[in-house]
Amino acid sequence: MHPLRISTLAILLLLAVPWSRCRADESPAGRLAAYRAELDAFRSTFGGARDLPDVRFFLFGMGQRAKFIYRDGKLLDARTGAVVREWPIASDTIVAPDYEVALQTASGASVVIREDEQAVWIEEGGQRTAIEGTRRPVRLPAFARKKFPRVLRVLHQELLVNVTPAGPVPNFFVYLKPWYRDGAMMALAFKETENLDTIRDWIANLRQPYDRNNAGETEADNLGEALLLISLAGDKTHPLVAKILAELPRYEVSGDGGKYIKGRSDFADRPAYQTKWLKYGLRALGLPDPYSVPPIKDSYSALFWMDYKDSYQPGSDADNRGAYPYLGWACDHFHGSKKSPIGNRDYPLTWEQNASQANYDGLKFLDPIYVQQKLSAPHTWHAAEVFLYTLSLEAD
């Protein structure tokens, strides 16, 4: 055979090898080094790093699987703190983008805890066993053709690990109920990765126009977010659609630019933001849309980067990059800027701090420092904003 043909065939065969096979040929330390190099490049491209607590851990249980914490040779039930498995270790290596922890025990044995599309597995003594409660399918793209593929895999994990039987939550340690806003952003990410099945039942069972999670308030942006969620897993015959349409007159305002809605979101009027969400949801379901985004300064307007960019009125953007970094990331996505940080740790990369409705005592099984700092990590609105912005970038 001609040498060129041999070379071409070899390349084609190499390209056909799945990502999981490629990574299995590399040591955990080597894969971790490659991830850290990509993290450095990511932070240089965007807004650097924010210090997170010096706590090494990894969460297992993506989608509707049981949730576990790995830390210091122990695998803990994330809900109760009970020890599920424990090993006396000489060393461990957490390779977050491969959803893996590789252990060397004190006796010299190797143990690997790894999550894949089928389950969470423990590989030990030549045996591979799925952990009870984890045999639920998820889709785990490698993002091989994207810029920062390893970072994307970790962000995707931070989203999926916060899907619970109650629905998609901002952080399962501190929030028991889903929020429509965070859930809608998660759903946009899951649409891209074919993981809407993980939240389809939650969407199908939605019955209230509002989540009422912010001190019981009826937040007007919830109406559009709920419509968008329904469009991703159903149609306009969903029983909640009629209830949402019946709510709209209470928020309607007529101005120079036409009719729009105005209500409360995060304890303030955000008419441009709320109307954008409503229009987006109505269009997604093919429903009539008599509304126009008002030509009003709205600090949340730039948080909605999915459409209607020509309706933005320059003003003071709510671009917090400290306690609520999802705000800064959303504004960056809207403006095409790169000013926002991720965490300084290998994992997790995202967070929220000092949120008024979060129960930070729920983090006690992770580490008391998270309770003391009122810091939840990872956080899904943050992870969704970083994921969707990064996914939109062209690879070099």
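Values computed for the structure shown
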quantity: Count of residues meeting criterion [under 22 Å from the mean Cα position of the chain (by Cα) and buried (at least 17 other Cβ atoms within 10 Å of the Cβ)] in the stretch 77-110; calculated: 9
quantity: Filter result for Tyr175 (within 25 Å of Gly81 (Cα to Cα) and either in contact (Cβ under 8 Å) with a residue 12 or more places away in the chain or outside the structural domain of Leu363 (by TED's automatic domain parsing) (or both)); calculated: yes
quantity: Residue within the stretch 208-225 that is aliphatic (A, V, I, L, M), closer than 28 Å to Gln64 by Cα and modelled with pLDDT of 95 or more present; calculated: yes
quantity: When residues of the stretch 344-374 are limited to those that are hydroxyl-bearing (Ser, Thr, Tyr) and part of a helix (DSSP H, G or I), the one surrounded by the most Cβ atoms within 10 Å (Cβ to Cβ); calculated: Tyr370
quantity: Out of Asp367, Asp310, sole residue that is farther than 20 Å from Met185 by Cα and either assigned by TED's automatic domain parsing to the domain that holds Pro97 or touching a strand residue (DSSP E or B) at 6+ places or on another chain (Cβ under 9 Å) (or both); calculated: Asp367
quantity: Complete set of residues in the stretch 262-273 that are touching a residue at least 40 places away in the same chain (Cβ under 8 Å) and either closer than 30 Å to Asp197 by Cβ or not in a helix (DSSP H, G or I) (or both); calculated: Lys262, Gly263, Arg264, Ser265, Asp266, Phe267, Arg270, Tyr273
quantity: Scan of the stretch 208-261 for residues that are of a type in the set (Gly, Ala, Ser), part of a loop (DSSP other than H, G, I, E, B) and over 29 Å from the mean Cα position of the chain (by Cα), ordered by number; calculated: Gly257
quantity: Filter result for Leu140 (in contact with an Asp or Glu (Cβ under 6 Å, 6 or more places away or on another chain), touching a residue at least 60 places away in the same chain (Cβ under 8 Å) and of a type outside the set (Gly, Ala, Ser)); calculated: yes
quantity: Qualifying positions in the stretch 163-192 - under 19 Å from Ser356 (Cβ atoms), assigned to a loop (DSSP other than H, G, I, E, B) and out of contact with any strand residue (DSSP E or B) (no Cβ under 6 Å at 6 or more places or on another chain); calculated: Val169, Pro170, Phe173, Tyr175, Leu176, Lys177, Trp179
quantity: Filtered residues of the stretch 325-343 (kept if among the aromatic types (Phe, Trp, Tyr) and surrounded by 20 or more Cβ atoms within 10 Å (Cβ to Cβ)); calculated: Tyr326, Trp329
quantity: Pairs, first within 14 Å of Arg153 (Cα to Cα) and of a type in the set (D, E, K, R) in the stretch 16-35, second modelled with pLDDT under 95 and assigned to a helix (DSSP H, G or I), C-beta under 7 Å, six or more apart; calculated: Arg31/Arg23
quantity: Considering residues of the stretch 308-324 that are out of contact with any Ser or Thr (no Cβ under 9 Å at 6 or more places or on another chain) and part of a loop (DSSP other than H, G, I, E, B) only, the residue surrounded by the fewest Cβ atoms within 10 Å (Cβ to Cβ); calculated: Pro314
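The values are calculated or read from the model by the stated rules, or taken from the named source; none is laboratory data. These numbers were taken from a predicted model, which means no experiment stands behind them. We place every Cβ from the backbone using ideal geometry, glycine too, and count neighbours over all the protein chains shown.
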